[in-house]
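I have placed the structure first, in the form of structure tokens, so that the comments after it can refer back to it.
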Amino acid sequence: WTVSYAPADLQSTWLGAGAISAGLGNGLGFSVAGYGVALGKSYSFAYTLQACVLGVFWVLLVLTPVVYLSLPSGETPELQPRTATRVGRSVGVSAVSASIIAGLGE
């Protein structure tokens, strides 16, 4: 997503921010779970807290006006199906996605 939507001069910044936030989230999750268990709470306390926080973020995202979520240029980049070569074989990513979606409907 970042490679497709980030401005060319900010792609590395966006990728770095994503990597840093993932690391911080893991550290925070381990800390909450560790301290929670040390204080006598069940390990599921961390999962419950995470679900509540993510639920609040989801509600805020749903209530955010689309103007704040749109791309700065107002243009949608043309997304072409990409192919990944694996062990000498070319696999269309869009074909894999389509088969997964088709499987969900069954």
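We did not get these values from a lab; they are worked out from the coordinates using the rules stated. Given the structure is predicted, the values throughout are model-derived calculations rather than measurements. Ideal geometry is used to build each Cβ from the backbone, glycine not excepted, and the neighbour counts take in all protein chains shown.
So, by mean Cβ neighbours within 10 angstrom, what's the order for 51-58, 31-38 with the highest one leading?
Sorting 51-58, 31-38 by mean packing, highest first, produces 31-38, 51-58.
Show me, for segment 51-62, the HN-Hα J-couplings you get by feeding each phi into the Karplus relation (A = 6.51, B = -1.76, C = 1.60, θ = phi - 60°), rounded to Hz, glycine and proline as x.
Karplus-based 3J(HN,Hα) across segment 51-62 equals 4, 5, 5, 5, x, 5, 4, 5, 4, 4, 5, 5 Hz.
Residues with amide H under 5 Å of Lys41's amide H, sequence separation 5 or more or different chain, H placed in the peptide plane at 1.01 Å from N; which?
none
Could you list which residues have their amide H under 5 Å from that of Ala6, counting only those 5 or more apart in sequence or on another chain, with H placed in the peptide plane?
Counting only residues 5 or more places away or on other chains, the set is empty.
What are the ³J(HN,Hα) couplings of segment 13-18, residue after residue, when phi is run through the Karplus curve with 6.51, -1.76, 1.60 and θ = phi - 60°? Round to Hz, x for glycine and proline.
Taking θ as phi minus 60°, the curve returns 5, 5, 5, x, 4, x Hz for segment 13-18.
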